[in-house]
1. Which of the residues belonging to region 6-24 are within 13 Å of Ala148 (Cα to Cα) and either assigned to a helix (DSSP H, G or I) or β-branched (Val, Ile, Thr) (or both)?
2. Suppose we filter Ala178, Ala125, Ala186 for residues that are open to solvent by less than 40 Å² (accessible area, probe 1.4 Å), over 14 Å from the mean Cα position of the chain (by Cα), closer than 15 Å to Ser7 by Cβ and not hydroxyl-bearing (Ser, Thr, Tyr); which single one remains?
3. Can you name the residue in region 55-71 that is of a type outside the set (S, T, N, Q), over 23 Å from Ile179 (Cα atoms) and open to solvent by 40 Å² or more (accessible area, probe 1.4 Å) and is also modelled with the lowest pLDDT among such residues?
4. So which of Ala148, Ala110, Ala173 ends up being closer than 27 Å to Arg32 by Cα, touching a helix residue (DSSP H, G or I) at 6+ places or on another chain (Cβ under 6 Å), among the small types (Gly, Ala, Ser) and surrounded by fewer than 18 Cβ atoms within 10 Å (Cβ to Cβ)?
5. Which of the residues that make up region 85-101 are outside any loop (DSSP other than H, G, I, E, B) and modelled with pLDDT under 70?
6. All but one of (1) modelled with pLDDT under 80; (2) in a helix (DSSP H, G or I) hold for Ala43; state the number of the condition that does not hold.
7. Report, by residue number, each residue of region 2-53 that is crowded, with 21+ Cβ neighbours inside 10 Å and among the aromatic types (Phe, Trp, Tyr).
8. Would you mind stating whether Gly74 is open to solvent by less than 20 Å² (accessible area, probe 1.4 Å), farther than 26 Å from Leu183 by Cβ and at pLDDT below 85?
Amino acid sequence: MYAFLLSTAVIFIAELGDKSQLMAMTFATRYRARDVIIGLTAATAVVHLASVGIGYLIGDAFSSYRGTIEVVAGIAFLGFAAWTLRGDELTEDDTAKANAATGRAILVVAVFFFLAELGDKTMLATITLATQEGWFGTWLGSTVGMVAADALAIALGAIVGRQLPEKVVKYGAASLFAIFGALLIAGGAGWL
């Protein structure tokens with residue numbers, strides 16, 4: 001129980017103001033909040049399960065690969081920025097299908113969050129916690145803490161998204177992805 005409570009609190013705090021919260025807010029402006037929560041929960045559960053496995057098995061040895069992981073994640077974020085700018089043109093029929101089909105939204109959110117969390121501070125914090133605490137409580141607590149923090153951003157994104165023009169959301173999201181991508185690459189390459 002201690003590992004669960006400690007991990008929940010540490011990861012919740014670590015996630016506040018993180019790029020994942022901004023992603024959650026951005027996705028909530030485009031997709032239903034339920035789909036965003038399902039996607040991010042699935043991705044978080046997988047990444048944090050891998051994290052506790054790494055922490056349990058090899059401890060601190062994983063930290064030597066952090067730079068490479070950050071560069072790869074940064075390149076992915078630049079791709080996300082380009083994809084966001086390209087956008088999608090939807091007809092009324094396409095919009096109706098998109099609203100009815102939640103699988104694509106959940107998959108998109110899950111993939112983005114999975115890639116974003118690789119090498120992220122919450123992943124590294126989870127690895128560190130798992131070297132000191134039980135793996136199951138750490139996994140469950142870190143997943144709950146991250147989903148709770150991102151749920152706050154989803155609620156805000158769902159409210160704000162209804163008030164903002166689509167172009168503002170599109171360019172804002174693309175800019176955030178590009179900035180985070182550049183920062184990840186610079187950090188991973190040792191320039192920062």
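1. Ser7, Thr8, Ala9, Val10, Ile11, Phe12, Ile13, Ala14, Glu15, Ser20, Gln21, Ala24 - these are the residues of region 6-24 that are within 13 Å of Ala148 (Cα to Cα) and either assigned to a helix (DSSP H, G or I) or β-branched (Val, Ile, Thr) (or both).
2. Values: Ala178 fails: closer than 15 Å to Ser7 by Cβ; Ala186 fails: closer than 15 Å to Ser7 by Cβ.
Ala125 is the lone residue from the list that is open to solvent by less than 40 Å² (accessible area, probe 1.4 Å), over 14 Å from the mean Cα position of the chain (by Cα), closer than 15 Å to Ser7 by Cβ and not hydroxyl-bearing (Ser, Thr, Tyr).
3. So in region 55-71, the residues of a type outside the set (S, T, N, Q) come out as 55-62, 65-67, 69-71.
Among the residues that remain, those that are also over 23 Å from Ile179 (Cα atoms) are: 55-62.
Restricting the remaining residues to those that are open to solvent by 40 Å² or more (accessible area, probe 1.4 Å) gives 56-58, 60-61.
Working: Tyr56: 79, Leu57: 80, Ile58: 71, Asp60: 59, Ala61: 66.
Once the filter is applied, the top-ranked residue is Asp60.
4. Working: Ala110 fails: surrounded by fewer than 18 Cβ atoms within 10 Å (Cβ to Cβ); Ala173 fails: surrounded by fewer than 18 Cβ atoms within 10 Å (Cβ to Cβ).
Exactly one of Ala148, Ala110, Ala173 is closer than 27 Å to Arg32 by Cα, touching a helix residue (DSSP H, G or I) at 6+ places or on another chain (Cβ under 6 Å), among the small types (Gly, Ala, Ser) and surrounded by fewer than 18 Cβ atoms within 10 Å (Cβ to Cβ), namely Ala148.
5. First pass over region 85-101, keeping only residues outside any loop (DSSP other than H, G, I, E, B): 85-86, 92-100.
Result: Glu92, Asp93, Asp94, Thr95, Ala96, Lys97, Ala98, Asn99, Ala100.
6. (1)
7. Of everything in region 2-53, those that are crowded, with 21+ Cβ neighbours inside 10 Å and among the aromatic types (Phe, Trp, Tyr) turn out to be Phe27, Tyr31.
8. Numbers: open to solvent by less than 20 Å² (accessible area, probe 1.4 Å): yes; farther than 26 Å from Leu183 by Cβ: no; at pLDDT below 85: yes.
Judged against the criteria, Gly74 is not a match.
The values are calculated or read from the model by the stated rules, or taken from the named source; none is laboratory data. Quick caveat, the model's predicted, so the values are computed rather than measured. All Cβ positions, glycine included, derive from the backbone under ideal geometry; neighbour counts span all protein chains shown. Side chains are part of the model used for accessible areas, which takes the heavy atoms of the whole protein and leaves out ligands, DNA and RNA. Shrake-Rupley method; radii C 1.70, N 1.55, O 1.52, S 1.80 Å.
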